[in-house]
1. If you scan region 165-186, which residues turn out to be open to solvent by 30 Å² or more (accessible area, probe 1.4 Å), outside any loop (DSSP other than H, G, I, E, B) and either basic (Lys, Arg) or under 14 Å from Lys119 (Cβ atoms) (or both)?
2. Which numbered condition in (1) over 22 Å from the mean Cα position of the chain (by Cα); (2) outside any helix (DSSP H, G or I) is the only one that Gly329 fails?
3. Looking at region 506-520, which of its residues are crowded, with 19+ Cβ neighbours inside 10 Å, under 24 Å from Ala476 (Cα atoms) and either without any contact (Cβ under 8 Å) to a residue 40 or more places away in the chain or among the polar types (S, T, N, Q) (or both)?
4. I'd like the full set of residues that are surrounded by fewer than 23 Cβ atoms within 10 Å (Cβ to Cβ), at pLDDT 95 or above and not in a strand (DSSP E or B), limited to region 346-369.
5. Starting from region 314-325, take each residue that is touching a residue at least 24 places away in the same chain (Cβ under 8 Å) and list its partners that are open to solvent by less than 70 Å² (accessible area, probe 1.4 Å) and part of a helix (DSSP H, G or I), counting only C-beta distances under 7 angstrom and pairs at least six apart or across chains.
6. Could you check how many residues of region 85-140 are within 39 Å of the chain's Cα centre (by Cα), modelled with pLDDT of 90 or more and farther than 20 Å from Val177 by Cα?
7. Take region 544-597 and flag every residue that is among the β-branched types (Val, Ile, Thr) and outside any strand (DSSP E or B).
8. Residue pairs, Cβ under 8 Å, 6 or more apart or interchain, first in region 29-51 and among the basic types (Lys, Arg), second modelled with pLDDT of 80 or more. List them.
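The values are calculated or read from the model by the stated rules, or taken from the named source; none is laboratory data. Just so you know, these numbers come straight off a predicted model, no measurement behind them. Backbone-built Cβ (ideal geometry, glycine too); neighbour counts: all protein chains shown. All accessible areas refer to the heavy atoms of the entire protein, side chains included, with ligands and DNA or RNA removed. Shrake-Rupley method; radii C 1.70, N 1.55, O 1.52, S 1.80 Å.
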Amino acid sequence: MAGPKLITDKTARTVTPSPKKITEVPPSDPVKTAPPTPYEALDRMAHASVAKATAGLAPSVLAEAWMDWMVHFSSSPGKQLQLIEKATQNMQALWGTCLGGTPPEAAPDRRFSGDGWQKFPYNVWSQAHLQNWQWWQDAMTGVHSVSPEHENLMAFVAGTIVDTTSPSNSPLTNPDVIAASLDENGQNLVRGAKNFAEDIGRKAGKLHSEVPQHFEVGRNLAATSGKVVFRNNLIELIQYSPTTETTHPEPILIVPAWIMKYYILDLSAQNSLVRFLVAQGFTVFMVSWKNPDAEDRNLGMEDYRKLGIMEAIDAVQAITKAPKIHAVGYCLGGTLLSIATAAMGRDKDDRLASVTFLAAQVDFTEAGPLRLFISDAEVTLIEDMMAEKGFLTSDQMAGAFALLRARDLVWAPVIRDYLLGQRGDAFDLMAWNADATRMPARMHSEYLRHLYLNNDLAEGRYHAGNKAIAIADIRAPIFAVGTEDDHVAPWKSVYKLHIFTDTDMTFVLTNGGHNAGIVSEPGHVHRHFRIADTAADAAYRDPEEWLEETTQKDGSWWTDFAAWLAARSRKRVAPPPTGAASGKYAAQADAPGTYVMQK
């Protein structure tokens, strides 16, 4: 099957592309834009300054959403009366609580779950905050004629602003902080001031920021034994040493996201997916991405496909002599893998025994909170911001993700570190999260424009190797995993893969978030998942129907994944050599290699 396939032959699986005028150069083509004129360069410098002042957020995006809401809200008397009525009811409920009544039931909120919050006046303050937050959500949504995109953005912004006024954020209105201050004679605030000074020093570059000392890459992180068996200007390819006498003939190639260091899948010994798969008798290879710098500014998505995936596939086959391999992609690595495998299907390249997508999207119309801010103005601002250095810095990416989950990633650490004077217990996932990466300007621009902004991959306009591709051209069986609490790749967005493929698919929904749901080793307490197969010729089920009809299982999905791979592998044989005897695929260094060490 060649070319884009936009109308599937499955029941209720019609996908209609939205009409768009394509003005961008396809990501596989060389850059064809002329150098900016002096006037354009001046504009870009001004925009970059704005981006620095606004943490990379385009003011026009918020202004447009606010204007849409304000114009329609001002001409909606019914909505205004509804909000006045709601405010009156909230005030009555607060007075009832002040007079000793029972507070109205509200959704559980971890910020106010402690015993101190159940006592007066803290119960009134917490109730007032929750009512205020909900009132503003009601005010921003349900306004007649406001576009859904602007409505969602305004609701998010309003909620984020209201959260800054939470009584839990102040030492004068947080009962836990007050109790700690009395018990410790204020020493918690002294420690908090010291913690604050240390963090400011790290941000300013006066203190060296590094992975916590009790976690070290190569010692107790990314410590699975192996060798770097191939290196180019973008990746190192790691082959892991076998731990079983025999292995499945089909090796596994794992493609992680380049926005993160690869060892999210090779953390500590007890929760390493790599170590687990090796113990199940698989020969495992891992792509370790280079941390790009200014000299890599012109690396694009096509470079990542060719240098990152296709050259890795060539290396794996040359070393193992296996006619087919299992390919696994995580997050953006999964999206890139879908592009590569679709191009392989288009070109009749049948070297894949299976394809696995872990928390990876191919359709970006429902891509979580990050989608709220993606517009042409926002992408242009990011491009201008990247133009000076040639890459997007790790701090800029971390700040954007922290904003999306401010309660957990901003305010919770503020309370713990600065008000309670505590430092959270370091653990491997936190150490990995602190080991950030950068992204080349061209690649990030193409990713945002062609995938997030235009949704070209889902709508048949994406080019690989100068030709269009379609996800429907993937012929290998698929194993896909979504996580219940994913804010980066919501599971219903991941589930959309069913719409675009015409091959057998096994879908897993596991509890946890974007990272913790994937790092879900056997023996991890409180883990559960759902798993179901969908044949290539089966009728489509929407996510709600799938969820209702699929039984929840306790434990880790890893064991089912290993069994699924084994069922699509041949009889076990002696392990292949580690690297080639000589040449470009010869073993060059011990794992984890050098690229993962780049800061």
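1. Asp176, Ile178, Ala179, listed by residue number.
2. The single condition Gly329 does not satisfy is (1).
3. Phe507, Thr510
4. If the condition is that a residue be surrounded by fewer than 23 Cβ atoms within 10 Å (Cβ to Cβ), at pLDDT 95 or above and not in a strand (DSSP E or B), then Arg346, Asp347, Lys348, Asp349, Asp350, Arg351, Asp363 are the ones that fit.
5. From region 314-325, the pairs are Ile325/Ile313; Ile325/Val316; Ile325/Gln317.
6. Going through region 85-140 one residue at a time, the tally reaches 13.
7. Thr550, Thr551, Thr559, Thr578, Thr594, Val596
8. Close Cβ pairs (under 8 Å, with a partner that is modelled with pLDDT of 80 or more) amount to Arg44/Asp384; Arg44/Ala387.
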